[in-house]
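J.: My structure is below; once you've seen it, I'll send some questions.
Values quoted throughout were computed directly from the atomic coordinates according to the rules given, and no laboratory measurement underlies them. Here the structure is a predicted model, which means the values were calculated and not measured. For neighbour counting, all protein chains shown are included, and Cβ atoms are generated from backbone atoms with ideal geometry for every residue, glycine included.
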Amino acid sequence: MSTAIQEPEVQETPNYLNAEYGWKSWLFTKDHKRIAVLYLISISIMFALGGVFAMLIRLELLTPAGDLFNSDTYNKIFTMHGVTMIFFFLIPSIPATLGNFLVPMMIGAKDLAFPRINLLSWYIYVVGALFALAAIVMGGVDTGWTFYTPFSTTYSNTFVITAAVGVFISGFSSITTGLNFIVTVHKMRAPGMTWGRLPLFVWANYATSLIQVLGTPVVAITLALVGLERAFHIGIFDPAIGGDPILFQHMFWFYSHPAVYIMILPGMGVISELVTCFSRKGVFGYSFIAGSSLGIAIIGFLVWGHHMFVTGMSMYAGLYFSLLTMLVAVPSAIKVFNWTATMFRGSISYETPMLYAFGFIGLFTIGGLTGLFLGTLGLDVHLTDTYFVVAHFHYVMVGGMVVAYLGGLHFWWPKITGKMYPEGWGKFSALLVFAGFNLTFFPQFIAGYLGQPRRYHAYAPEFQVLNVMSTAGASVLGLGFIIPLIYLLWSLKYGKPAGNNPWGAKGLEWTTQSPPETFNFPTTPIVTEEAYAYAKHEEAHVG
Amino acid sequence: MHPVTPVRTYVLIWLTLTILTFVTFYVSTINLGEWNIVVALAIAGFKMSLVIWFFMHVRTDNPLTKLFVFAGFFWIGILLVMTLGDYFSRSWMPLGKFW
Amino acid sequence: MADTHAVATEHSSPHLRHHFDDMHQQFDSATFGMWVFLLTEIMFFGGMFGAYTVYRSMYPEAFAATSNFMNPAFGAANTAVLIVSSLTMALAVRAAHLGQQKVLQIMLVLTMIFGAAFLVIKGFEYHEHWVDGKVPLFPGHWMWDGPLAPPQFAHQAQILFCFYFFMTGFHALHMIVGLGIMTTILVMARKGTFGPDYYTPVEVSGLYWHFVDIVWIFLFPLLYLIGHTKNLV
């Protein structure tokens, strides 16, 4: 390869990646795009770690007997799987990577409102992750990611405080990111960028930020109390000495339920962007999708008790929590209907991001509907703490959120790196993920309904076939995640140069060079058209 | 930027806050039964409003800030009301009472 | 509309950050950002207040017993001290806005003195509890006995005292951070950093300080005064 001749073609145009070199220019950067890349690397590492724990779980569950690990070790494995995936991958994922990169660009700003606090949020995340890693390396935690008391406060013999400190610290990373986004979206929109013209990805991240800011402090104080109780051997949540474990659950789930909306809302924002671009059509019901993001954020705070129906909570509380849970499904359903209506009579093309978008719509719908089964008081008595719950939340979090994350990563990869990924491999991996995912988790609905409990390392022999299918599916799913890792990294060096707008998409971020320059725009853009102003009868772009 | 508040206003608010502190203390020495806590919290709430409105300049702030301040208190209200709702409604159930 | 660069040079303050269009936007963003942060503080302290409220409503007699060991005089003194410090803080912000450097520095120093006085009084209080055996966190310093301490409430009293120390402890921690912030602001003020076009850090620190005051305004009646009438000590 004669690079000497090719060099002038490779982008030498100044951009945020080549503006400065050296580790100091990365570790002390104030550029939101570089911080997004730093986050991308960190959360990918935590995702891989969480995936390793997942494989260990599925290996154990190949056979009904608890023969690979003893029950204590198995408890540690599923706990660390949950803690790593939820607090260190899912919650930061899209906001800290795609959100950080794109929100300022999408509103026509040069950066977020507080660039140094943005960098600080990454450092806080890293410190939190190091505490979690320390807990793992020292021997793990076995309380479940839910840290239920009094087991976590009194009886567990594992590194609960270390893990709780890690989660506590990472919560502040989440809070500062949310704070930054809220102020940015309110105060730094370019001229002409009214609230009614904001990309739906920005609306989604804004709603997510509201949840982060309002909910995370409560889990912070809850975990602080758990840590203090454990350290000083006092009885805040220990019923033997007058404490109340249900109070812990109220405080924990007050955050952890809205947390699932922190996880899914940005994904929904990505899907809005993908569906409109690959249908060449403006989003149907823009204001309903924007409003439903806020609706989910607000109503999502009113339903936490549906995690506690069988705990001894008042039945009347159970009634109102169940009713509100039915209500919170409505804004999500509105989105699904509107995405479908967007595609109707659109000019649809099937690039990799759109495949992921299709996957999301189907899988999230299943996940969301099964959430309604669980939110029904009577059914929940039967289904709670079974694999039905496990299948439900994996459908929304993996089939929903991770699929959306991959779709968004592929969609904006050309903008972030200036390179195209190999489309054939992209499509293949998307199909692998879809097939592997369904094979992994659909059998779990059945197993759970038939009675297989969650968090057990052994199960009754009649469930084995379903579990074997699930483990087989997990291997396929894992492959579906590994292949993109390889070709995305490959594309950094060998990918085709992308150009400003390989998808022909609308949006301010597509008007700039790929990769963007450090301050995003040569001059502040002035917005004159509505969002997603695709011309009618626009021809499908040439892939 | 905010318009400048006169020194007089700040001193008057401070005096009001101090007087209200004495009132709270004095009322707490009288036995009003269940109403002690209501009165004490009501006075505290009023003092807080004075600090927010005048010392923290919310009086001259834009509606957005006012909305966010309100939202903060509303949200903690959600936690308190719905959690306490569980505890207080347990006694309505036949076997429900916790304590 | 003129492009950003032209606008920036028209009234370019040395304090204008590159990603903002003008000082007004910067000030607005900073104060709004501080309010969003205070929102998180409301939820943080609120969570603790909520847990405390649940236990108080569960154990009213135990609570009444614990209130015998609280010293309302300390609490009232602390409240008065903090309220004055809020006054001096508000006056400091005003002085910064008007460019009155001397007044600004005096008010900042006064605010810090009152803040420190608060911590000193708190220290005396904690010491009293330590000596009295009312600190549940450390073995040897929790003694629930005597005529004012009915033994059947020992465990509940322990929980309630835990909350007393956690709530006042987190509050004191925020006070200490506040003193650190004030020190930084004072150092900046002495260099003449602030004036009518740039006093954002003072305004934003003031918001934080007032919030810490507000938390105490609620802590005082909740921890010291309710139940005060039951067994007046």
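J.: So for chain A, averaging the separation of alpha carbon pairs under 8 Å that are six or more residues apart and normalising by length, what relative contact order in percent results?
T.: Details: 905 pairs, mean separation 97.5, N = 543.
Relative contact order here is 18 percent.
J.: Still on this model: I'd like the FRET efficiency for A:A435 and A:K24, computed as 1/(1 + (r/R0)^6) with the beta carbon distance as r and R0 of 56 Å, rounded to 0.05. Mind showing how you got there, number by number?
T.: Values: r = 45 Å, r/R0 = 0.80.
Once the sixth-power term is evaluated, E becomes 0.80.
J.: Which value in nm describes the separation of the simple spin-label points at A:H233 and C:V177, placed 7 Å from the Cα toward the beta carbon?
T.: A separation of 3.1 nm, rounded to one decimal place.
J.: Another question, if that's okay. Return the calculated 222 nm mean residue ellipticity for chain A, to the nearest 500 deg cm²/dmol, obtained by summing -39500 (n - 2.57) across DSSP H runs with n ≥ 4 and dividing by the residue count.
T.: Numbers: 17 runs with 336 residues, N = 543.
So the calculated ellipticity at 222 nm is -21500 deg cm²/dmol.
J.: Is region B:1-61 rounded, prolate or oblate when judged by the Cα gyration tensor, a ≥ b ≥ c being the square roots of its eigenvalues, rounded requiring a/c under 1.5 and prolate requiring a/b larger than b/c?
T.: Numbers: a/c = 6.61, a/b = 2.31, b/c = 2.86.
Since a/c reaches 1.5 but b/c is at least a/b, the shape of region B:1-61 is classed as oblate.
J.: Sketch the reach of a paramagnetic label on B:T16 as a point 7 Å from Cα along Cα-to-Cβ, and name the residues of region B:32-76 whose backbone nitrogen lies under 11 Å away.
T.: B:46-55
J.: So what are region C:1-149's ellipsoid semi-axes, whole angstrom, largest first, if each one is the square root of 5 times an eigenvalue of the alpha-carbon gyration tensor? The partial results should precede the final answer.
T.: Numbers: eigenvalues 443, 89, 29 Å².
Ellipsoid semi-axes (Å, largest first): 47, 21, 12.
J.: Further question: Using the Karplus equation 6.51 cos²θ - 1.76 cosθ + 1.60 (θ = phi - 60°), what ³J(HN,Hα) coupling, rounded to whole Hz, does each residue of region C:163-179 give in order, writing x for Gly and Pro?
T.: Along region C:163-179, the couplings run 4, 4, 5, 5, 5, 6, x, 4, 5, 5, 4, 5, 5, 4, 4, x, 5 Hz.
J.: With a cut-off of 8 Å between alpha carbons and a minimum separation of six or more residues, what is the relative contact order of region A:288-391 in percent? Walk me through the numbers on the way to the answer.
T.: Values: 63 pairs, mean separation 32.9, N = 104.
The value is 32 percent.
J.: Test of understanding: ordering A:W304, A:W195 by Cβ neighbours within 10 Å, fewest first, what list do you get?
T.: A:W195, A:W304
J.: Ok, one more. Would you mind ranking C:L108, C:L39, B:L67 so that the residue whose beta carbon has the fewest other beta carbons within 10 Å leads the list? Could the numbers behind the result be given before it?
T.: Details: C:L108 27, C:L39 24, B:L67 11.
Neighbour counts put them in this order, fewest first: B:L67, C:L39, C:L108.
J.: Relative contact order for region B:1-61: what percent, with Cα pairs under 8 Å and sequence separation of 6 or more? Don't jump to the answer; show the numbers that get you there.
T.: On the way: 21 pairs, mean separation 29.2, N = 61.
Dividing the mean separation by the residue count of region B:1-61 yields 48 percent.
J.: Using a Förster radius of 56 Å, what is the FRET efficiency between C:K102 and A:L294 based on their Cβ-Cβ separation? Nearest 0.05, please. Mind dumping the intermediate values first?
T.: Numbers: r = 48 Å, r/R0 = 0.86.
It comes out at approximately 0.70.
J.: Here's a follow-up. Inside 10 Å of the C-beta atoms of C:213-222, what's the mean count of C-beta atoms belonging to other chains? Don't skip to the answer; put the middle values down first.
T.: Values: counts 6, 9, 1, 1, 12, 6, 1, 6, 14, 4.
Mean number of neighbouring Cβ atoms from other chains: 6.
J.: Calculate the FRET efficiency for A:N157 and A:S475 from the Cβ-Cβ distance with a Förster distance of 45 Å, rounded to the nearest 0.05.
T.: 0.85
J.: Go through A:172-182, A:380-390 and give me the packing order, highest mean Cβ count within 10 Å leading.
T.: Working: A:172-182: 26.5, A:380-390: 19.5.
Going from most to least packed, we get A:172-182, A:380-390.
J.: Which residues among region A:89-122 fall inside the zone where the amide N is under 19 Å from a point 7 Å beyond the Cα of A:T511, along Cα→Cβ?
T.: Output list for this probe position: A:101-112.
J.: Here is a further query. With a point put 7 Å past each Cα toward its Cβ, work out how far C:S57 is from B:F70 in nm, to one decimal.
T.: 2.5
J.: Tell me the mean residue ellipticity at 222 nm calculated for chain C from its helices only (DSSP H runs of n ≥ 4, each -39500 (n - 2.57), averaged over every residue, nearest 500). All intermediate terms of the calculation are to be shown ahead of the outcome.
T.: Details: 7 runs with 167 residues, N = 233.
Calculated mean residue ellipticity at 222 nm is -25500 deg cm²/dmol.
J.: Moving on to the next point. Residue separation times 0.36 nm, minus the C-alpha to C-alpha distance between A:L319 and A:S44: what's the value? List each step's numbers first, then the result.
T.: On the way: separation 275, 0.36 × 275 = 99.00 nm, distance 4.03 nm.
Between A:L319 and A:S44, full extension yields 95.0 nm more.
J.: Quick one, can you get me the convex hull of the C-alpha atoms of the protein assembly as shown expressed as volume per residue in Å³?
T.: Working: hull volume 149.0 nm³, N = 875.
Hull volume over Cα atoms, normalised by residue count, gives 170 Å³.
J.: Okay, which of region A:348-373 sit inside 19 Å, backbone N to the point 7 Å along the Cα-Cβ direction of A:M326?
T.: A:368-373
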